[in-house]
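What follows is calculated from the coordinates using simple rules that are stated; it is not laboratory data. On a predicted model such as this, the values are computed, not experimentally measured, just so you know. Glycine also receives a Cβ, built like all others from the backbone with ideal geometry; neighbour counts cover every protein chain displayed.
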Amino acid sequence: MLYFRDKEKEQLRFFLSQPRYKAMAIYGRRRTGKTALVLDFFENQPTPTSLYYQCTTFDYATCLFDFVSALSSFAPDLERALRPYTTFRDVFSYLSSTSTPHPAVIVIDEFPFLAKKDENVAVEFQWIIDHALKEMKLILLGSNLSFMRRQIQDRGSPLYGRFDTLLELLPFSFSEIHQLFPSFEEAMEVYAQTGGVAQYVMFFLDYPSVRDASRALLFDRNGRLFTEAPNLLMQEVRDTTTYVSILRTISGDAKDPGQIAHLANLDQRNIYPYLNKLTDLNILAPVDNSLSKKSERRYRIQCH
């Protein structure tokens, strides 16, 4: 069941209702429910016709082959026509010009899998959005938060300014979690342990009590959330060792960059790229230190 996403569904409806709108980006950290939102929305929205495709590999050719296979489930004639093409640009160009039935809305999930290792992909999709959509609409989803933000917000990105609608899917607020867990104490525990991340919260609903859920999910080596934190970092950074060390120091008493660098065995001059990266990922939040005469910020682990 999809909870608390009425506002986001309304944004999707508005995007689809605007004839001149062509492209939409939906992004947010893993497990916030981006895929569930889109699938639930289009399942209950028979028109316009839509196709959902999820990238599962970094290999461009494999993604293209799988994408064409997904299109064949919509109309068998499409696969025969599209197999000779070797780029997404060619495929979208064909779709925009053919009289063969094809989806009015195409959703590509986990777009970073396709584009992260090949900068030419962003250029290709810039051209697709600008020239090849015609009457179609394109929705791109991504869980790699830093990559998606860079594509959307960086003025040097080929995709900057190409999206008519941007939707960042955020974790649940405490008040929303409190609606699922009427006990204030239990709601606070769930919020503290999940940060409001939708899928994590749903896991807690499967157990008779929050205490049972915590034991099974977080403290059992086979628990579904036991390795989630390092796995999340591994998707965003190459070497997690230093980042984990920094987070451990901040979870203790260290809060300003000098303390953090000292306890993490880093030169203070080298600490800022790590702190900035963790801030970009919404894992850390900078806080101005009003008790100090210096302008130096302090850092805390983010609560959504």
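General observations
- Tail beyond 18 Å, pair distance distribution of the stretch 120-207 (Cα, percent): 57 percent
- Only aspartates and glutamates eight or more places from Lys116 in sequence, or on another chain, were considered; those with a Cα closer than 16 Å are Asp59, Glu124, Asp154, Glu236.
- Each Lys and Arg adds +1 at its Cβ and each Asp and Glu adds -1 at its Cβ; summed about the Cα centre, the stretch 1-150 shows a dipole of about 500 debye.
- Ordering Gln151, Leu37, His262 by Cα displacement along the dipole of the chain toward the positive end leaves His262 in first place; charges were set at the Cβ atoms of Lys, Arg (+1) and Asp, Glu (-1).
- In order along the stretch 47-57, the phi-based Karplus estimate (6.51 cos²θ - 1.76 cosθ + 1.60, θ = phi - 60°) of 3J(HN,Hα) comes to 10, x, 5, 9, 10, 9, 9, 10, 5, 10, 8 Hz; Gly and Pro are listed as x.
- In the stretch 237-301, Cα pairs under 8 Å separated by at least six residues give a relative contact order of 32 percent.
- Over the stretch 1-149, equivalent-ellipsoid semi-axes from the Cα gyration tensor in Å: 23, 19, 14
- Computed on the chain, with alpha-carbon pairs under 8 angstrom and 6+ residues apart, the relative contact order is 18 percent.
- Computed Kirkwood radius, in angstrom, where 1/r is averaged over Cα pairs of the stretch 97-163: 12.7 Å
- Each Lys and Arg contributes +1 and each Asp and Glu -1, all at the Cβ; summed about the Cα centre of the chain, the dipole is approximately 680 debye.
- Contour excess over end-to-end distance, with Cα ends at Glu176 and Thr62 and 0.36 nm allotted per residue: 37.0 nm
- Over the chain, the fraction of Cα-Cα pairs per 20 Å bin, rounded to whole percents and listed from the shortest bin up, is 28, 52, 19, 1.
- Where both bridge residues fall in the chain, DSSP classifies roughly 20% of the beta bridges as antiparallel.
- Listed residue pairs exceeding 28 Å between alpha carbons, taken from Lys7/Lys137; Lys9/Lys137; Lys137/Lys277; Lys7/Lys117; Lys134/Lys277: Lys137/Lys277; Lys7/Lys117; Lys134/Lys277
- Whole-Å distance, taken between Cα centres, linking the stretch 237-265 and the stretch 160-208: 26 Å
- Bins of 5 Å from zero: percent of alpha-carbon pairs in the stretch 237-301: 4, 19, 32, 28, 13, 3, 1, 0
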